[in-house]
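Asker: Sharing a structure with you now.
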Amino acid sequence: MTTEFSDLPPFEPGTVWLVGAGPGDPGLLTLLALHALRTADVIVYDALVDPRIMALAGAGARRIHAGKRGGRPSPSQADISRTLVEEARKSLRVLRLKGGDPFVFGRGGEEALALAKAGIPFRLVPGITAGIGGLAYAGIPATHRDVNSAVAFVTGHAAGGDVPGDVDWEALGRGAPVLVIYMALRHLGTIASRLMDAGRSGDEPVAVVSRATTPAQTVLETTLARAAQDAEASGIKPPAIVVVGRAVSMRAGLDWLGARAGRALDPDPLRQPPRQGSKPR
């Protein structure tokens, strides 16, 4: 075993590790995640796990695709949980690899409960969620002292495919200066309307971050009133994170990836007015 893994816990046969793979960039993996990739006998992985991360797996690992994508044939959650239990009962080291963090809109809790019910030992390994890592790669701080002292993470897509009925959009609109909305692209118009009905300004900055932290990352800057229209016109695709709030304005000074490509950064971005429907980059 290499030095970097010498003090890490062993991946025991007959156990399942539920591991967050982060938003895409392999450099954002934790050491525990890389350790699990290199030692697992079986890897049950999601569609959102970047191929570059899967390339780090041990040569002898058997791979089972368990991705769920809207509109495409996908394994059910019950089937995935059953697979984890069955593979662990063969005395194999089973890695359940999930994009982002398993416990942030990743249904990791459901899988862990299924393992607990079956008496299968498991370990939970958190990952960097897209709502944190994706924003950082877009140059948007989740919190900034001059902007917000609270941030809300919310899903824009219920299990049945609709806008979640149990989300109090009016309360969110009033109470959270910055909103980070997962899986919102399909219902962006409805969500924006509900937030504006709750009192949010149509001029409020919005960013849509697609394929965050990957070479294909694009960022659309717009406003709440134009968000759905601009997203459709741009052709930006999921997976995507939507950010609502003044923190988006900070991108003018913090777009470090854009700066590497030649963008001039503004050291005082908060004095700038909201950007109107800028092109993805």
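The values are calculated or read from the model by the stated rules, or taken from the named source; none is laboratory data. The structure displayed is predicted, hence computed values, not measured ones. All Cβ positions, glycine included, derive from the backbone under ideal geometry; neighbour counts span all protein chains shown.
Asker: Within the stretch 169-177, can one find any residue that is in the same structural domain as residue 248 (by TED's automatic domain parsing) and in a loop (DSSP other than H, G, I, E, B)? So that I can check it myself, show each step before the final result.
Answerer: Step one: of the stretch 169-177, the residues in the same structural domain as residue 248 (by TED's automatic domain parsing) are 169-177.
Applying the additional criterion that residues be in a loop (DSSP other than H, G, I, E, B) yields 176-177.
Checked the stretch 169-177: at least one residue is in the same structural domain as residue 248 (by TED's automatic domain parsing) and in a loop (DSSP other than H, G, I, E, B).
Asker: For the stretch 65-162, please list each of the helices (runs of 4 or more DSSP H) lying entirely inside it that holds at least 2 residues being exposed (fewer than 15 other Cβ atoms within 10 Å of the Cβ) and at pLDDT 95 or above.
Answerer: By residue number, 77-88, 108-118.
Asker: Moving to a separate point now. What do you reckon, is residue 146 free of Cβ contacts under 8 Å to residues at least 24 places away in the same chain and acidic (Asp, Glu)?
Answerer: No; evaluated as a whole, the condition is false for this residue.
Asker: Follow-up question, since we're still on this one. Determine whether the stretch 46-57 contains at least one residue that is surrounded by 13 or more Cβ atoms within 10 Å (Cβ to Cβ) and in contact with an Asp or Glu (Cβ under 7 Å, 6 or more places away or on another chain).
Answerer: Looking through the stretch 46-57, none of the residues is surrounded by 13 or more Cβ atoms within 10 Å (Cβ to Cβ) and in contact with an Asp or Glu (Cβ under 7 Å, 6 or more places away or on another chain).
Asker: Now for a separate question. Of (1) under 28 Å from residue 174 (Cβ atoms); (2) modelled with pLDDT of 95 or more; (3) over 20 Å from the mean Cα position of the chain (by Cα), residue 198 satisfies all except one. Which?
Answerer: Failed condition: (2).
Asker: When only residues in the stretch 216-234 that are assigned to a helix (DSSP H, G or I) and of a type in the set (S, T, N, Q) count, which is surrounded by the most Cβ atoms within 10 Å (Cβ to Cβ)?
Answerer: The selected residue is 234.
Asker: Going through the stretch 8-37 one residue at a time, which ones are over 25 Å from residue 113 (Cβ atoms) and either surrounded by fewer than 17 Cβ atoms within 10 Å (Cβ to Cβ) or aromatic (Phe, Trp, Tyr) (or both)?
Answerer: The answer is 8, 27, 31.
Asker: Is it true that residue 200 is of a type outside the set (Val, Ile, Thr), surrounded by 17 or more Cβ atoms within 10 Å (Cβ to Cβ) and closer than 19 Å to residue 24 by Cα?
Answerer: Considered against the rule, which asks whether it is of a type outside the set (Val, Ile, Thr), surrounded by 17 or more Cβ atoms within 10 Å (Cβ to Cβ) and closer than 19 Å to residue 24 by Cα, residue 200 comes out as no.
Asker: Still on this structure, please answer the following. Being within 30 Å of residue 49 (Cβ to Cβ), surrounded by 22 or more Cβ atoms within 10 Å (Cβ to Cβ) and either touching a residue at least 60 places away in the same chain (Cβ under 8 Å) or touching a Pro at 6+ places or on another chain (Cβ under 9 Å) (or both), is that true of even one residue in the stretch 258-275?
Answerer: So far as the stretch 258-275 goes, no, none of its residues is within 30 Å of residue 49 (Cβ to Cβ), surrounded by 22 or more Cβ atoms within 10 Å (Cβ to Cβ) and either touching a residue at least 60 places away in the same chain (Cβ under 8 Å) or touching a Pro at 6+ places or on another chain (Cβ under 9 Å) (or both).
Asker: Cβ-Cβ below 6 Å, separation at least six or inter-chain, first residue in the stretch 25-39 and among the hydroxyl-bearing types (Ser, Thr, Tyr), second crowded, with 18+ Cβ neighbours inside 10 Å: which pairs?
Answerer: 39/11
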